[in-house]
1. Would you be able to say whether some residue in the stretch 139-147 is touching an Asp or Glu at 6+ places or on another chain (Cβ under 6 Å), of a type in the set (V, I, T) and either modelled with pLDDT under 90 or crowded, with 17+ Cβ neighbours inside 10 Å (or both)?
2. Restricting attention to the stretch 119-138, and to residues there that are crowded, with 16+ Cβ neighbours inside 10 Å and part of a loop (DSSP other than H, G, I, E, B), which single residue is modelled with the lowest pLDDT?
3. Give all pairs with beta carbons closer than 6 Å in which a residue from the stretch 76-103 that is free of Cβ contacts under 8 Å to residues at least 24 places away in the same chain meets a residue that is among the polar types (S, T, N, Q) and surrounded by fewer than 16 Cβ atoms within 10 Å (Cβ to Cβ); count only pairs at least 6 apart in sequence or on separate chains.
4. If you check every pair at least six apart or on different chains, which have Cβ atoms under 7 Å apart with a residue in the stretch 43-65 that is more than 19 Å from P76 (Cα to Cα) first and a residue that is part of a loop (DSSP other than H, G, I, E, B) and among the hydrophobic types (A, V, I, L, M, F, W, C) second?
5. Between a residue in the stretch 130-152 that is without any contact (Cβ under 8 Å) to a residue 24 or more places away in the chain and any residue that is in a helix (DSSP H, G or I) and among the aliphatic types (A, V, I, L, M), which pairs come within a Cβ distance under 8 Å, given they are 6 or more apart or on different chains?
Amino acid sequence: MEDDTIAIAEPPIRNSGVMGGKFLSRQVVKKDDGSKYLANDMYTGHVVDIMCHHFELLNGDEYSYRLMENDSKTFPFSCHSKIHEKMVEYKGAISKYFATEYQGDNKITMVDLSTCCQKIGLELNKQQILTVWRKIDKKRKNKVSFTKIISLLESDHDRSDYTRGRRKL
């Protein structure tokens, strides 16, 4: 991030037919429109085109997610308050989906949350879904009660961040 360069390495996978190793040495990489790829172009679910190859960013490490969540100006898709505002508008539809259409127990996964958003017309990308999921699945068990989503939507998100002693960025 400090010098806007990118390096790409693929781990070797035995018997895959792909060599693995270094694909791109650290350098500035430009998009098709001539502008540079920057930190805010790197988020889960985004496809970057580098040297006629398409790379879908599948995930990141804990440090990267925390960095993105704490710098909402640079990483708008990881801004809790913006996602919260968007989801609050769909609170009724989300409740209705999990109460009537959802075919499972009261425990949901991140995929179930993503499916709900798609079915009710709430347009959130993978990074935004992941940001919400990290907020409600603090124990990282990969399953939570859908009532946690409803509780999150009913809370006054902006005020609750201040009252817990967290500084909003």
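1. Within the stretch 139-147, one or more residues are touching an Asp or Glu at 6+ places or on another chain (Cβ under 6 Å), of a type in the set (V, I, T) and either modelled with pLDDT under 90 or crowded, with 17+ Cβ neighbours inside 10 Å (or both).
2. The residue in question is D137.
3. Listed pairs, sorted by first residue: none to list.
4. Final answer for the pair search is I50/V29.
5. Between residues of the stretch 130-152 that are without any contact (Cβ under 8 Å) to a residue 24 or more places away in the chain and residues that are in a helix (DSSP H, G or I) and among the aliphatic types (A, V, I, L, M), the close pairs are W133/M110; W133/L113; I136/I149; I136/L152; K148/I136.
The values are calculated or read from the model by the stated rules, or taken from the named source; none is laboratory data. Please read these numbers as outputs of a predicted model, since none were measured by experiment. Neighbour counts are summed over all protein chains in view; Cβ atoms, including those assigned to glycine, are modelled from backbone coordinates with ideal geometry.
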